[in-house]
Number of protein chains: 2
Amino acid sequence: MAEPLFERLCLIGVGLIGSSIARVARARGDIARAVVANAKTPATLQRVRELGIADEVEADPARAVRGADGVILCVPVGAYAPVMEAIAPHLAPGCVLSDVGSTKGSVLRDLLPLTPSTVQLVPAHPLAGTEHSGPDAGFAELFQGRYCILTPPPGADPVAVERIAELWRRCGSMVETMDAATHDKVLAIVSHLPHLIAFTICGTADDLAQETREAVLKYAASGFRDFTRIAASDVDMWRDIFLNNREAVLEMLARFTEDAQALGRAIRWGQAAFIEDRIARGRKIRRGLIERKQA
Amino acid sequence: MAEPLFERLCLIGVGLIGSSIARVARARGDIARAVVANAKTPATLQRVRELGIADEVEADPARAVRGADGVILCVPVGAYAPVMEAIAPHLAPGCVLSDVGSTKGSVLRDLLPLTPSTVQLVPAHPLAGTEHSGPDAGFAELFQGRYCILTPPPGADPVAVERIAELWRRCGSMVETMDAATHDKVLAIVSHLPHLIAFTICGTADDLAQETREAVLKYAASGFRDFTRIAASDVDMWRDIFLNNREAVLEMLARFTEDAQALGRAIRWGQAAFIEDRIARGRKIRRGLIERKQA
Ligand SMILES: NC(=O)c1ccc[n+]([C@@H]2O[C@H](COP(=O)([O-])OP(=O)(O)OC[C@H]3O[C@@H](n4cnc5c(N)ncnc54)[C@H](OP(=O)(O)O)[C@@H]3O)[C@@H](O)[C@H]2O)c1
Ligand SMILES: NC(=O)c1ccc[n+]([C@@H]2O[C@H](COP(=O)([O-])OP(=O)(O)OC[C@H]3O[C@@H](n4cnc5c(N)ncnc54)[C@H](OP(=O)(O)O)[C@@H]3O)[C@@H](O)[C@H]2O)c1
């Protein structure tokens with residue numbers, strides 16, 4: 001077995017993502033010699049103890065990070081600022097600070113100003129998840145075969161970046177690197193806008209007269225169902241994502257709304273050629289996915 | 001074996017839906033004593049002959065319907081008016097005229113004025129399909145366990161309605177009845193709006209700079225993919241659906257757009273409570289589907 005990447009790896013937050021990392025570390029042994037877990041509520045701390053997925057469970061974040069050579073924030077991105085305020089003074093020199101948050105510009109905004117010069121910040125975003133949350137939802141295979149995007153700030157230490165990259169490779173992921181702004185734009189269109197649309201169409205259906213709403217549930221298989229699959233996601237996490245990737249999400253929403261209205265206008269005025277062109281583009285993108293075996 | 005429901009059943013259009021009906025009829029024997037198939041192009045007629053899924057293949061729609069006690073239009077809804085003009089004078093007295101079109105108000109508009117008083121019109125819409133089309137795409141199990149919605153006009157002969165209902169039950173479907181306007185409103189939200197959104201978001205992605213578009217295809221698993229699943233559907237069929245359910249589609253699009261913009265506004269102004277409420281409603285509808293085993 002390879003040497004563990006970290007002597008003491010501290011996970012702040014042990015929900016779906018944090019507890020999955022803990023489970024991989026436990027199963028493999030070559031990620032960390034010891035895993036320390038911290039969460040907000042006594043219930044979660046207790047549950048993590050019962051599950052036995054961490055070597056130490058520590059209620060105080062400042063104590064949890066003490067002596068750790070690796071710290072990964074696994075909390076909703078809206079909690080980064082207060083969490084960082086609590087842990088920053090206690091981070092060990094030489095420590096690599098990483099995270100798993102779904103927005104990355106906000107991570108630089110919230111963490112970089114408070115990061116001690118002796119600490120290396122290497123943000124990461126595993127593109128893996130389910131609609132469940134909490135320490136019981138995690139599993140060691142979650143990251144297998146999924147992409148993990150690193151967004152190291154300019155001038156990041158290549159050794160620290162490689163340590164986090166290797167952590168994710170050992171979790172089974174394919175590692176990619178890009179800058180935070182590109183990440184946020186790409187995720188806005190591939191993930192955040194689809195979720196925004198899914199939440200919205202569910203709300204639109206929910207507002208319909210009782211009778212029609214019943215019918216929507218009954219005949220959902222006709223297309224609606226596919227749109228709601230991602231609408232079961234966690235409230236806090238998605239609120240934080242929308243608020244912390246505000247600009248890119250609003251830009252993609254504006255583009256999408258314009259395009260939807262242009263199609264609506266063509267329907268209103270019976271412009272068959274325009275409608276056909278839009279449908280044909282949908283098919284083209286779909287074919288692109290199938291060719292890349294992403295469909 | 002039960003007596004066949006029809007002596008001579010004529011299918012106008014033998015693509016995905018028409019050829020699936022032909023295959024069920026062939027497999028069961030109790031739907032029609034003889035199936036006559038008509039299509040637009042010589043290539044399709046020839047293919048149907050090769051497949052051996054109809055007893056007779058007839059290039060002329062007027063001759064195809066002659067002597068048939070059942071006729072089902074299985075063509076895109078935009079072709080109903082010219083097809084009906086060609087067949088109406090040749091429909092046999094006592095014949096039941098049905099269809100499988102995805103919009104139903106347009107069917108009454110296009111067929112009812114030309115329907116002879118001796119012919120019973122019983123429109124139907126099987127909620128079953130794939131993204132493939134043509135006579136090779138059909139299969140006998142397509143309608144198994146799926147809903148089929150009948151929209152008989154006021155005063156329709158109950159015996160004729162029951163014959164079409166029984167045809168669909170023998171195809172394996174659960175039969176429901178509603179008026180055409182309700183059908184069109186329900187389908188607008190469960191099917192037509194989701195397709196409109198899917199075509200649109202693919203177009204929005206297609207318009208992005210080359211680099212971002214590549215990334216969209218690469219990271220599609222993050223949500224985008226689910227939205228494109230239904231975007232591979234047939235161009236002619238969907239153009240006709242949008243144009244023939246114009247009012248209901250535009251109304252649902254307007255409601256949805258308003259709701260999406262309200263959520264966008266809340267994101268812009270950081271209104272966490274509003275955002276949480278919208279996400280929670282998405283989860284609620286999703287739970288409704290899961291409880292009904294529709295998810
Ligand atoms: N779920 C996904 O699909 C997914 C995918 C990729 C990335 N992510 C990102 O991963 C992160 C965690 O998501 P998740 O799905 O694992 O969430 P989760 O299952 O809800 O877990 C969140 C964890 O964060 C803890 N926490 C919340 N606020 C905290 C605070 N102020 N101090 C300390 N701990 C706190 C929670 O503790 P308590 O239980 O005690 O409240 C819980 O352990 C988020 O940033 C999210 O954007 C999620
Ligand atoms: N696909 C679905 O998911 C689905 C689901 C439920 C209902 N529907 C409805 O079912 C109907 C047929 O759809 P489909 O998927 O079976 O389409 P399809 O596979 O494209 O087949 C259409 C058939 O109609 C024929 N046709 C077209 N115009 C014609 C004309 N003017 N005269 C005679 N035949 C003509 C075509 O003949 P050629 O091949 O010779 O051109 C072809 O045989 C549509 O009204 C659609 O709304 C479809």
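Provide the net charge surrounding A:Lys185, with neighbours chosen by a C-beta distance below 11 Å and charges set as Lys +1, Arg +1, Asp -1, Glu -1. Neighbour charge sum, excluding A:Lys185 itself: -4. On the beta carbon distance between A:Thr177 and A:Ala81, with R0 = 22 Å, the FRET formula returns roughly 0.30. With the convex hull of its Cα atoms as the shape, the range B:182-291 has an orientation-averaged projected area of 8.9 nm². Inter-copy label distances for B:Ala272: 5.4 nm (label point placed 7 Å from Cα along Cα→Cβ; shortest first).
Candidate cross-link partners of B:Lys185 among the lysines, defined by an alpha-carbon separation under 30 Å and a same-chain spacing of 8 or more, comprise A:Lys218, A:Lys284, B:Lys104, B:Lys284, B:Lys293.
For chain A, the Cβ-based charge dipole about the Cα centre amounts to some 840 debye (Lys, Arg positive; Asp, Glu negative; other atoms uncharged). Loop-located GluC sites (Glu not before Pro) across the range A:57-136 with a Cβ neighbour count of 16 or fewer within 10 Å are A:Glu131, with loop assigned by DSSP. Inter-copy label distances at B:Glu7, using a point 7 Å along Cα-to-Cβ, come to 9.4 nm with the shortest given first.
The 3J(HN,Hα) values that the Karplus relation (6.51, -1.76, 1.60; θ = phi - 60°) gives for the range A:173-185 are, in residue order, 9, 9, 9, 10, 10, 8, 7, 4, 5, 5, 3, 5, 6 Hz. Gly and Pro appear as x.
Evaluated at q = 0.08 Å⁻¹, the base-10 log of the normalised Debye intensity for chain A, with identical point scatterers placed on the Cα atoms, takes the values -0.41.
Would you calculate, for chain B, the mean residue ellipticity at 222 nm contributed by helices, counting each DSSP H stretch of 4 or more residues as -39,500 (n - 2.57) and dividing by all residues, to the nearest 500?
Working: 13 runs with 145 residues, N = 295.
Roughly -15000 deg cm²/dmol at 222 nm, from the helical runs in chain B.
Of the trypsin sites (Lys or Arg not before Pro) in the range A:65-123, not one is in a loop by DSSP (not H, G, I, E or B) with at most 12 other beta carbons within 10 Å. The orientation-averaged projection of the convex hull spanning the C-alpha atoms of the range A:1-63 amounts to 3.9 square nanometres. Each label was represented as a point 7 Å from its Cα along the Cα-to-Cβ direction; for B:Glu131 and B:Glu247 these points are 3.3 nm apart.
Taking the square root of 5 times each eigenvalue of the Cα gyration tensor, what semi-axes in Å does the equivalent ellipsoid of the protein assembly as shown have, largest first?
Numbers: eigenvalues 625, 100, 86 Å².
Three semi-axes, in Å: 56, 22, 21.
Label-to-label distances for B:Met174 across copies, nearest first, come out at 4.0 nm, using points 7 Å from Cα in the beta-carbon direction. With all projection directions averaged, the alpha carbon convex hull of the range B:6-178 covers 8.4 nm².
To the nearest 0.05, what FRET efficiency results for B:Glu214 and A:Gln271 with a Förster distance of 35 Å applied to their C-beta separation?
Between B:Glu214 and A:Gln271 the formula returns 0.70.
Bear in mind that the values in this text are calculations on the coordinates, not laboratory data. Only a predicted model underlies this, so the values are computations on that prediction, with no experimental measurement involved. Cβ sites come from the backbone with ideal geometry, for glycine too, and all protein chains shown count toward neighbours.
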